[in-house]
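See structure below.
Read the figures in this text as sums done on the coordinates, not as results from a lab. What you see is a predicted model; the values in this text were computed from it and never measured. Note: ideal-geometry Cβ built from the backbone for every residue, glycine included; neighbour counts use all protein chains shown.
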Amino acid sequence: MLEICSVSDCIARSPEGWIDRWLHNEWGFFNTQVDAQLVPPSGSDGFAVFAYRLFPVEFANGKIKRLAIGDLPVEPLPPGFRSLGFDVVNKTCSALFEC
């Protein structure tokens, strides 16, 4: 079975109404696993928790610059998490990441 994991809604769908719960931080991510697990409605299937590491670099107009992330209260990744790959994203017309 082949799965595609994506940070945006372009490929994978988000739980309905997730943004209205306001459990996410300014980057659109959850600071803890518990926050992420609270978003899908009780009894819903098809949602899994994935963690993202953000490489603090921005590419714009042929230039590379440091991306200011800020001080977020994000919990460290537990030992059981493993890397699945990379997701290249953009942010052009939304506060959240896009395809």
Completion exercise
The answer for residue 31, listing residues at least 5 apart or on another chain whose modeled amide H is closer than 5 Å to its amide H, is 25
Problem - Simple label model, 7 Å out from Cα along Cβ direction - residue 86 to residue 48, nm - result: 2.1
Completion exercise
So for the range 7-99, using the alpha carbon gyration tensor with a ≥ b ≥ c as root eigenvalues (a/c under 1.5 gives rounded; past that, a/b versus b/c decides prolate or oblate), I'd call it prolate
Practice task
Divide by every residue of the chain the summed helix terms, -39500 (n - 2.57) for each DSSP H run of at least 4, and state the resulting mean residue ellipticity at 222 nm, rounded to the nearest 500 deg cm²/dmol.
Solution key: -1000 deg cm²/dmol
Exercise for the section: Give the relative contact order (percent, whole number) for the range 7-99; include only Cα pairs under 8 Å separated by 6+ residues. Expected result: 36
Handout entry: Cysteines having no other Cys beta carbon under 4.7 Å from their own, within the chain
Key = 5, 93
Handout entry: Debye, to nearest 20: dipole size of the range 7-99, +1 on Lys, Arg Cβ, -1 on Asp, Glu Cβ
Key = 420
Practice task
Find the centroid of the Cα atoms in the range 58-99 and in the range 1-29, then give the distance between the two in whole Å.
Solution key: 14
